[in-house]
Amino acid sequence: MRKAKEFIVEKLILTCGVASIFFVALIFLFLMKEGLAVFKTVSLSDFLAGHKWYPISEPPQLGILPLILGSILVTIGAAIISIPIGVGSAIYIAEIAPAWAKEVLKAGVELLAAIPSVVLGFVGMVTLVPLVKNVFNLPTGLTALSGSIMLAFMAMPTIVSVAEDALYSVPKNYKEGAFALGATQWQTIWRVMLPASSSGILAAVMLGIGRVIGETMAVMMITGNAAVIPKTILVPVRTLTATVAAEMGEAVVGGEHYFALFAIGIVLFMISFMINVTADLFLHKRQR
Amino acid sequence: MSKIVTKKLNLWYSQFHALKDVHASFEDKRITAIIGPSGCGKSTLLRVFNRMNDFVDGVRTDGEVLIDGEDILNGRTDLVTLRKKVGMVFQRPNPFPLSIYENIVFGKKIHGETKREQLDIIVEKSLKSVLLWDELKDKLNSSALLLSLEQKQRLCIARLIAVQPEVLLMDEPCSTLDPQATARIEELMRELKSNYSIIIVTHNMQQAARVSDDTGFMLLGELIEFGKTSEIFTAPKDRRTEEYITGRYG
């Protein structure tokens with residue numbers, strides 16, 4: 001009787017484990033099947049490097065270069081803003097802050113992570129967008145810069161918590177050794193703590209960027225969604241994610257536009273996958 | 001000549017009275033061992049001399065610690081200068097996760113030396129003085145974490161020597177090493193004695209007997225007896241010292 005129970009529980013758990021892999025595989029296969037179909041009408045290079053995204057013109061023009069550049073621009077902007085602030089705040093929390101400030105800040109970071117992206121997008125739309133418009137004297141505040149700033153807020157909690165973890169796991173005796181040699185706190189952080197935790201901090205950055213590149217709702221609301229190749233960060237752009245979200249509803253199932261959106265999905269999948277693998281490599285390097 | 005003198009030194013960790021009225025005088029260019037059972041306050045005493053206890057929450061000290069006649073316990077003491085002068089070797093070798101070269105020049109660099117030729121000279125001199133130069137001169141740029149435990153501990157000593165301290169504090173420097181490596185580190189200590197005042201904390205009485213000139217015995221925060229090593233180990237004056245060194249407790 002007991003043996004039978006063990007057997008059933010064991011098989012049940014096995015099924016759960018296999019199911020999650022099975023569903024991921026199904027999603028991946030579906031994505032591939034629908035996405036690769038677009039290459040019957042457009043070549044891979046025209047798709048990736050084409051300058052024009054007019055999916056409903058006749059014949060449709062399916063170049064996603066403006067979308068890729070839009071995504072990259074917004075992501076780089078967000079990285080430039082969020083990495084220094086995120087790593088800085090991780091250093092402060094892990095090394096400098098007194099116990100009470102540490103608690104308050106960690107709670108604050110967790111709260112920031114808990115804000116739904118649509119809320120961030122909405123707040124950005126009514127506060128940040130007019131601000132950017134006025135400060136830079138632009139015809140519209142719906143720009144890549146606005147998206148970058150808002151996404152920086154979304155990347156920061158990830159960066160702060162993973163980087164803080166990395167700093168925290170640096171053996172205490174490194175710090176003691178540095179202090180015993182007469183190093184100041186800043187010298188200890190800069191010359192010992194950061195090099196010792198560099199792979200963890202890089203992983204933090206990669207995970208933060210991964211979050212930014214996959215984000216949809218906030219960017220769709222505040223970047224203006226113009227599928228043109230951006231020349232500066234102060235113009236409207238459209239990202240890969242926003243394109244899929246905005247156009248999937250109106251694409252004809254089984255049409256070229258529909259297949260193209262799935263192909264964008266593949267591109268996004270590849271990018272996220274590479275970022276996650278890189279982050280993973282850094283994290284494992286740290287453990288070794 | 002006395003290098004370090006403590007007068008009526010008391011130390012508390014919050015409510016716990018860890019050092020009780022310690023009076024002692026540590027001589028220049030000699031090795032002084034502090035022995036005693038675990039938790040007797042010997043490491044705490046050592047950490048007073050370079051103010052490493054400052055990092056412990058709720059620590060309070062009282063009394064005087066004079067190094068070259070200057071009280072280091074008052075608020076005016078410059079910790080950077082103090083720690084440059086009074087270096088410390090830890091129980092577990094703790095080279096930084098940097099190259100061998102960078103480990104040795106670490107102290108020099110943070111104290112403002114940047115000239116490459118100067119640093120090169122210092123690296124060679126420091127490694128020679130811990131007898132690592134021949135072994136490591138061809139791999140100065142490889143990671144210090146790849147060294148053996150003994151090499152790491154030597155490197156940590158070299159790293160100290162590079163900043164030209166006057167006092168070396170050693171907190172159980174051999175407790176993670178095997179007997180041969182321990183013997184070699186002890187040999188090194190004897191060699192370094194001519195240039196530095198060395199204070200070593202150890203729970204290994206044989207080590208204290210082998211390597212030190214003076215010995216202090218501590219028990220429950222008190223310095224029970226302090227004197228020439230030869231006398232402490234052959235004719236202890238206090239019954240508790242005798243009981244400890246004959247192995248009745250500890």
What is the residue count in the range B:77-100 for residues that are facing chain A (nearest Cβ under 7 Å), outside any loop (DSSP other than H, G, I, E, B) and open to solvent by less than 40 Å² (accessible area, probe 1.4 Å)? 3
Name the residues in the range A:165-179 that are of a type in the set (S, T, N, Q) and more than 7 Å from chain B (Cβ to nearest Cβ), would you? A:Ser169
Any residue at all in the range B:62-76 that's open to solvent by 30 Å² or more (accessible area, probe 1.4 Å), within 13 Å of chain A (Cβ to nearest Cβ) and either touching a residue at least 40 places away in the same chain (Cβ under 8 Å) or touching a helix residue (DSSP H, G or I) at 6+ places or on another chain (Cβ under 6 Å) (or both)? no
Answer yes or no as to whether A:Ala107 is without any contact (Cβ under 8 Å) to a residue 24 or more places away in the chain and within 14 Å of chain B (Cβ to nearest Cβ). no
Could you count how many residues in the range A:21-75 are closer than 30 Å to A:Ser146 by Cβ, without any contact (Cβ under 8 Å) to a residue 40 or more places away in the chain and out of contact with any strand residue (DSSP E or B) (no Cβ under 9 Å at 6 or more places or on another chain)? 3
Members of the range B:106-118 that are away from chain A (no Cβ under 11 Å) and either more than 18 Å from A:Trp190 (Cβ to Cβ) or in contact (Cβ under 8 Å) with a residue 40 or more places away in the chain (or both): B:Lys115, B:Arg116, B:Glu117, B:Gln118
B:Asn103 fails exactly one of (1) in a helix (DSSP H, G or I); (2) buried (at least 18 other Cβ atoms within 10 Å of the Cβ); (3) modelled with pLDDT under 90, namely (3)
What residue, among those in the range A:201-259 that are farther than 30 Å from A:Asp165 by Cα and acidic (Asp, Glu), is farthest from the chain's Cα centre (by Cα)? A:Glu256
So which helices (runs of 4 or more DSSP H) are wholly in the range B:128-214 and hold at least 1 residues that are within 14 Å of chain A (Cβ to nearest Cβ) and touching a residue at least 40 places away in the same chain (Cβ under 8 Å)? B:149-161
Report whether or not A:Ser161 is more than 14 Å from chain B (Cβ to nearest Cβ), part of a helix (DSSP H, G or I), open to solvent by less than 30 Å² (accessible area, probe 1.4 Å) and under 30 Å from A:Phe269 (Cβ atoms). no
When only residues in the range A:180-199 that are more than 7 Å from chain B (Cβ to nearest Cβ) and hydrophobic (A, V, I, L, M, F, W, C) count, which is surrounded by the most Cβ atoms within 10 Å (Cβ to Cβ)? A:Met193
Filter result for B:Val123 (assigned to a loop (DSSP other than H, G, I, E, B) and among the aliphatic types (A, V, I, L, M)): no
Is it true that some residue in the range B:34-43 is among the small types (Gly, Ala, Ser) and within 14 Å of chain A (Cβ to nearest Cβ)? yes
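Here is a yes/no grid of residues against (1) more than 17 Å from A:Leu29 (Cβ to Cβ); (2) in contact with a His (Cβ under 6 Å, 6 or more places away or on another chain); (3) among the aromatic types (Phe, Trp, Tyr); (4) open to solvent by 40 Å² or more (accessible area, probe 1.4 Å):
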position: A:Leu240; (1), (2), (3), (4): yes, no, no, no
position: A:Ala245; (1), (2), (3), (4): yes, no, no, yes
position: A:Met248; (1), (2), (3), (4): yes, no, no, yes
position: A:Gly255; (1), (2), (3), (4): yes, no, no, no
position: A:Ile264; (1), (2), (3), (4): yes, no, no, no
position: A:Leu268; (1), (2), (3), (4): no, no, no, no
position: A:Phe273; (1), (2), (3), (4): no, no, yes, yes
position: A:Leu281; (1), (2), (3), (4): yes, no, no, yes
position: A:His284; (1), (2), (3), (4): yes, no, no, yes
Which is surrounded by fewer than 20 Cβ atoms within 10 Å (Cβ to Cβ), over 20 Å from A:Val162 (Cα atoms) and over 19 Å from the mean Cα position of the chain (by Cα), of A:Ile68, A:Ile56, A:Ile72? A:Ile56
Matching option when the condition is modelled with pLDDT under 90 and either crowded, with 20+ Cβ neighbours inside 10 Å or on the phi > 0 side of the Ramachandran plot (or both), among A:Ala260, A:Ala227: A:Ala227
Only one of A:Val119, A:Val126, A:Val109 is within 20 Å of the chain's Cα centre (by Cα), more than 30 Å from A:Leu48 (Cβ to Cβ) and surrounded by fewer than 14 Cβ atoms within 10 Å (Cβ to Cβ), namely A:Val119
Report those helices (runs of 4 or more DSSP H) wholly inside the range A:183-288 carrying at least 2 residues which are closer than 30 Å to B:Asn103 by Cβ and not aliphatic (A, V, I, L, M). A:185-188, A:198-214, A:256-287
In the range B:52-61, what count of residues is obtained for those that are within 12 Å of chain A (Cβ to nearest Cβ) and crowded, with 17+ Cβ neighbours inside 10 Å? 2
So B:Lys3 fits all but one of (1) at pLDDT 90 or above; (2) among the charged types (D, E, K, R); (3) in a strand (DSSP E or B); what number is the exception? (1)
Whichever residue in the range B:202-234 is open to solvent by less than 20 Å² (accessible area, probe 1.4 Å) and of a type in the set (Val, Ile, Thr) and, among such residues, is modelled with the lowest pLDDT: B:Ile232
Here are the criteria: (1) modelled with pLDDT under 90; (2) within 14 Å of another protein chain (Cβ to nearest Cβ). Tell me which single one B:Phe49 does not satisfy. (1)
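The values are calculated or read from the model by the stated rules, or taken from the named source; none is laboratory data. Worth saying up front: this structure is predicted, and the values here are computed from it rather than measured. Note: ideal-geometry Cβ built from the backbone for every residue, glycine included; neighbour counts use all protein chains shown. SASA here: full protein model, heavy atoms, side chains in, ligands and nucleic acids out. Shrake-Rupley method; radii C 1.70, N 1.55, O 1.52, S 1.80 Å.
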